Amino acid sequence: VYEVKLKAGAKAESFATFRARFKAPQGGSSQLVERALPTSVIRDERPAASGPARLSLVVAGFAEKLRGSYWARALSWESLQTELRALPPGLLAREDVAELARLIDTARKLDR
């Protein structure tokens, strides 16, 4: 998860290039994936992002909060729970998302 800040007046078609190299589980030579990231995927406001993207933000925020990250210093357990509850119903019905909600609640209760 990255925060992207474009220069004022920037009108580029893409803002970055994604590069990843991977190997298949059975081994062999590595493969390179390289794709331009279009500016059309950037959202100005969190509610405009897709449900899976917003879920990723909750997961990343939870991880940062658990590790006491500088970047999560202003993030509250309640705001994580609020963001999670605002996800689309299809995501909220998933067992892994329900487990995440339980984990956030447990961490909130244990945090002193």
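The values are calculated or read from the model by the stated rules, or taken from the named source; none is laboratory data. Note that this is a predicted model, so its numbers are computed, not measured. For neighbour counting, all protein chains shown are included, and Cβ atoms are generated from backbone atoms with ideal geometry for every residue, glycine included. Quick note on the areas: whole protein, heavy atoms, side chains included, nothing else; ligands and nucleic acids left out. Shrake-Rupley method; radii C 1.70, N 1.55, O 1.52, S 1.80 Å.
Quick notes on this one:
- Pairs with Cβ under 9 Å, 6+ apart, first in region 95-112 and within 17 Å of Thr82 (Cβ to Cβ) and without any contact (Cβ under 8 Å) to a residue 40 or more places away in the chain, second of a type outside the set (D, E, K, R) and outside any helix (DSSP H, G or I): Arg108/Ser76
- Enumeration of residues in region 26-37 that are farther than 30 Å from Arg85 by Cβ and open to solvent by 50 Å² or more (accessible area, probe 1.4 Å): Gln26, Gly28, Ser29, Gln31, Leu32, Glu34, Arg35, Ala36
- Single residue of region 58-72 satisfying the filter (in a helix (DSSP H, G or I) and open to solvent by less than 60 Å² (accessible area, probe 1.4 Å)) that is nearest to Arg112 (Cα to Cα): Lys65
- Taking first residues from region 24-44 that are closer than 15 Å to Lys11 by Cα and partners that are open to solvent by 90 Å² or more (accessible area, probe 1.4 Å) and acidic (Asp, Glu), the Cβ contacts under 7 Å between residues at least 6 apart in sequence or on separate chains come to Pro38/Glu13; Thr39/Glu13.
- Within region 46-66, residues that are of a type in the set (Asp, Glu) have Cβ atoms under 8 Å from residues that are assigned to a helix (DSSP H, G or I) and open to solvent by 50 Å² or more (accessible area, probe 1.4 Å) in these pairs: Glu64/Trp71, counting only partners at least 6 apart in sequence or on another chain.
- Against the conditions (1) part of a helix (DSSP H, G or I); (2) touching a residue at least 12 places away in the same chain (Cβ under 8 Å); (3) of a type outside the set (Ser, Thr, Tyr); (4) open to solvent by 40 Å² or more (accessible area, probe 1.4 Å), Leu75 satisfies every one except (1).
- Filtering region 92-112 to residues that are under 13 Å from Leu66 (Cα atoms) and outside any helix (DSSP H, G or I) leaves Asp111, Arg112.
- Filtering region 22-57 to residues that are polar (S, T, N, Q), under 22 Å from Glu99 (Cβ atoms) and not in a loop (DSSP other than H, G, I, E, B) leaves only Ser56.
- Which listed residue, of Ala107, Ala48, Ala93, Ala98, is small (Gly, Ala, Ser), open to solvent by 40 Å² or more (accessible area, probe 1.4 Å) and modelled with pLDDT of 95 or more: Ala93
A quick yes/no check of all residues on (1) among the aliphatic types (A, V, I, L, M); (2) at negative phi:
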site: Ala12; (1), (2): yes, yes
site: Glu45; (1), (2): no, yes
site: Arg54; (1), (2): no, yes
site: Phe62; (1), (2): no, yes
site: Gly68; (1), (2): no, no
site: Leu75; (1), (2): yes, yes
